[in-house]
1. Exposure proxy check: 16, 60, 44 ranked by fewest other beta carbons within 10 Å?
2. Find me the longest stretch of the chain that has none of the exposed trypsin sites (Lys or Arg not before Pro), where exposed means in a DSSP loop (not H, G, I, E or B) with at most 14 other Cβ atoms within 10 Å.
3. What longest range of the chain stays clear of loop-exposed GluC sites (Glu not before Pro) (DSSP non-H/G/I/E/B, at most 14 other C-beta within 10 angstrom)?
4. Can you list residues whose amide H is under 5 Å from residue 36's amide H, if they're 5+ apart or on another chain and H is modeled 1.01 Å from N?
5. Provide the gained length on full extension for the span residue 23 to residue 50, in nm with one decimal, where the gain is 0.36 nm per separating residue minus the Cα-Cα distance.
6. Based on the Cα coordinates of the chain, what is the per residue volume of their convex hull in Å³?
7. For residue 3, which sequence-distant residues (separation of 5 or more, or a different chain) have an amide H within less than 5 Å of its own amide H, given hydrogens modelled in the peptide plane?
8. May I ask you to evaluate 6.51 cos²θ - 1.76 cosθ + 1.60, the Karplus curve with θ = phi - 60°, for each residue of the stretch 35-44 and list the ³J(HN,Hα) values in order in whole Hz, giving x for glycine and proline?
Amino acid sequence: MACIVDADPARLEKGVKRPRWKSCFPFQLDRAPERFEYKPQSGVVKNLLALASGCDNVEVYPGSKTFEYDLALANPGIAELVTPQMDSYEYVRVLMKTTAGAPLPEGAGWHT
């Protein structure tokens, strides 16, 4: 049996009152270790890996974030994966057409 599971990485801001683990993107992991503590995989992944340990017929396959994120990351040129129901639909469509390393188009409303 194959278990495909979201990694759901998270980070915890250090030095704040009532810190909470908040979702983050894989590219944010370990970028500011002085400010955040990081978990590249959720407790669910760790528990499933532990439960599957020693089971010859069970494999756990964690992604890097979520199934949808990983699907789009593995298929950056498939426009059908980007739908109007998504946040920032227009920006993602422009990104898909942008050559890696090229500057972003002017006036597209990019957030820095």
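Any read-out appearing in this document is the output of simple, stated calculations on the displayed coordinates, not a laboratory observation. Every value quoted in this text rests on a predicted model; they were computed, and no experiment measured them. Note that we place each Cβ from the backbone using ideal geometry, even for glycine, and neighbour counts take in every protein chain shown.
1. So the ranking, lowest neighbour count to highest, is 16, 44, 60.
2. 36-112
3. Longest stretch, sites excluded: 35-105.
4. 14
5. Numbers: separation 27, 0.36 × 27 = 9.72 nm, distance 2.26 nm.
Here the segment from residue 23 to residue 50 would lengthen by 7.5 nm.
6. 165 Å³
7. Placed amide hydrogens put 59, 60, 61 under 5 Å from residue 3.
8. Values, residue by residue: 9, 10, 9, 10, 10, x, 9, 6, x, 4 Hz.
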